[in-house]
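These notes are about the structure you will find just below.
The values are calculated or read from the model by the stated rules, or taken from the named source; none is laboratory data. This structure is a prediction, so every number in the text was calculated from the model and none was measured. When we count neighbours, we look across all protein chains shown, and the Cβ atoms used for this are built from the backbone with ideal geometry, even at glycine. Heavy atoms of the whole protein, side chains included, go into the accessibility calculation; ligands, DNA and RNA do not. Shrake-Rupley method; radii C 1.70, N 1.55, O 1.52, S 1.80 Å.
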Amino acid sequence: MSGAYPLTRPRRLRQAPFIRAMVRETRLTAAHLVQPLFVAEGALAGPIDSMPGCERLTLEGLATTAQRLQALGIPAIALFPVIPQARKSDRGEEALNPDGLVPRAIAAVKQAAPTLGVIVDIALDPYTTHGHDGLLDAAGYIENDATVEVLRKQALLYARAGADMVAPSDMMDGRIGEIRRVLERDGLHRTMILSYAAKYASAFYGPFRDAVGSAPNLGKGGKQTYQMDPANTDEALREVALDLDEGADIVMVKPGMPYLDIIRRVKDRFAVPVAAYQVSGEYSMLHAAIARDMLDEKAVLLEALTCLHRAGSDIIFSYYAERAARWLQDTPA
Ligand code: PBG
């Protein structure tokens, strides 16, 4: 049959809410969302200029937020520490402090919200005076293997402190394998590794770098020698293949919305759990347009998050996670 019209009219299946609900292919629920949270102490706690509506939480604020998120059905949080300038160093030693902010934050969350999953970032940028994720050699190049040595210790420390999942976001070569081996040797067989496997050198991270205070340190220097070129896609598949081979349980594509094609390729090729990160720049962009009444907040957010899910991500990190979970409660998918 050629020219199927009028026998075939796709609009029949769009004519009313009941039938649209029955043929809907993707359903976003709170169970897909991860809330990234910034934690800080003393004067560093408070609002974030570049991300209005987000906050650097104190440990007490973190505990009450964790309880709220747990009650909303959000399965996990991702923790990002804000470290005072005085504790930062060239080699980022504070990352390995057993009494540091992250181990204490993990304990606070576990006590307040015992069933909430805790994901911790593994990278050195909150801790280094130069704002890079790794260690610099004499020429200012990020040294891969020396950095992996530190990341391995950082991951072990945070896993021992009770993190359910460690999430290396640094893009060094070989770090997943090294972290997996050290966890196994320590008997931490259940600690999950979420690898930021396809992480691009993106200008969309700008507001995050303000939030954790690494922006002034990093200056105009970019992360192009370790994060991926936004122009590439085959390279993402190669990175994901390596990380899965080295023992990653979940792989992430980051940023989110400009990289939906990468999410889809990764999901189709590997058929493993895929995470996507709606990053700070996406948040701030949406927030700015919403604040000026150019976009409708609830509609545009639920659409953006649904599209990330439709593209193939099972897990979506979003600064809007809590707000989205509330909207999803009001309007079941
Ligand atoms: C650092 C890290 C970054 C983000 C998560 N972990 C920033 C960067 O790579 O410079 C970005 C998150 C965001 O922009 O929301 N390892």
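Would you mind checking which residues have amide H under 5 Å from G256's amide H? H placed 1.01 Å from N; only 5 or more apart, or other chain.
So G256 has HN proximity to Y277, V279.
Hand me the trypsin sites (Lys or Arg not before Pro) from segment 286-333 located in a DSSP loop with no more than 16 other Cβ atoms within 10 Å, in residue order please.
In loop regions of segment 286-333 (DSSP not H, G, I, E or B), the sparsely surrounded trypsin sites (Lys or Arg not before Pro) are R292.
When you count, for each residue, the other Cβ atoms within 10 Å and take the mean per peptide, how do 148-156, 130-138, 46-54, 18-26 rank with the highest first?
Per-residue Cβ counts within 10 Å, averaged per peptide and sorted highest first, yield 148-156, 130-138, 46-54, 18-26.
Using 0.36 nm per residue of separation minus the Cα-Cα distance, give me the extension gain between T129 and D261 in nm, one decimal.
Contour length minus Cα-Cα distance gives 44.0 nm.
What does the charge dipole of the chain about its Cα centre add up to, to the nearest 20 debye, if the Cβ of each Lys and Arg holds +1 and the Cβ of each Asp and Glu holds -1?
1400 debye
Between E60 and N97, how high is the FRET efficiency from 1/(1 + (r/R0)^6) when r is the Cβ-Cβ distance and R₀ = 22 Å? Nearest 0.05.
With R0 = 22 Å, the Cβ-Cβ based efficiency is 0.60.
Compute the angle between helix 280-291 and the longest alpha-carbon principal axis of the chain, please, reported from 0 to 90 degrees and rounded to the nearest 10.
Relative to the chain, helix 280-291 is tipped by roughly 50 degrees.
How big is the gap, in Å, between the Cα center of segment 273-308 and the Cα center of segment 87-134?
27 Å
Starting from the 7 Å offset along Cα-to-Cβ, what nm value, one decimal, do you get for the label separation of D234 and D186?
The answer from the label model is 3.8 nm.
Which percent of the accessible area of the chain is formed by carbon and sulfur heavy atoms (probe 1.4 angstrom)?
C and S fraction of accessible area: 53 percent.
Under a 1.4 Å probe, what is the accessible area of segment 131-205 per residue, stated in Å²?
Computed with neighbouring chains in place, this is 38 Å² per residue.
For the charge dipole of the chain, defined by +1 on Lys and Arg C-beta atoms and -1 on Asp and Glu C-beta atoms about the Cα centroid, which residue among A288, I176, A161 has the Cα displaced farthest towards the positive pole?
A288
How charged is the neighbourhood of V274? Take every other residue with its Cβ under 9 Å from the Cβ of V274, and add Lys/Arg as +1 and Asp/Glu as -1.
Neighbour charge sum, excluding V274 itself: 0.
Label R14 and A71 with points 7 Å out from Cα along Cα→Cβ: what is the distance between them in nm?
4.0 nm
Going 7 Å from the Cα of L136 along its beta-carbon direction, which residues of segment 143-185 have the amide nitrogen within less than 13 Å of the resulting point?
Residues 143 fall inside that zone.
On average, how much area does the Cα convex hull of the chain cover when viewed from any direction, in nm²?
Orientation-averaged projected area of the Cα hull: 19.5 nm².
Is it possible to state the helix-based mean residue ellipticity at 222 nm for the chain, with each DSSP H run of 4+ residues giving -39500 (n - 2.57), the sum divided by total residues, to the nearest 500 deg cm²/dmol? What is it?
When only DSSP H runs of four or more count, the value is -12000 deg cm²/dmol.
How many percent of DSSP beta bridges within segment 28-330 run antiparallel, rounded to 5?
Looking only at bridges with both residues in segment 28-330, the antiparallel portion is about 10 percent.
So for the chain, taking the charge dipole from beta-carbon charges (+1 Lys/Arg, -1 Asp/Glu), which of Y196, A21, W327 sits furthest toward the positive end?
Farthest towards the positive end: A21.
How would you rank 90-101, 116-127, highest first, on the average number of other Cβ atoms within 10 Å across their residues?
Going from most to least packed, we get 116-127, 90-101.
To the nearest 0.05, what FRET efficiency results for A215 and E303 with a Förster distance of 35 Å applied to their C-beta separation?
0.75
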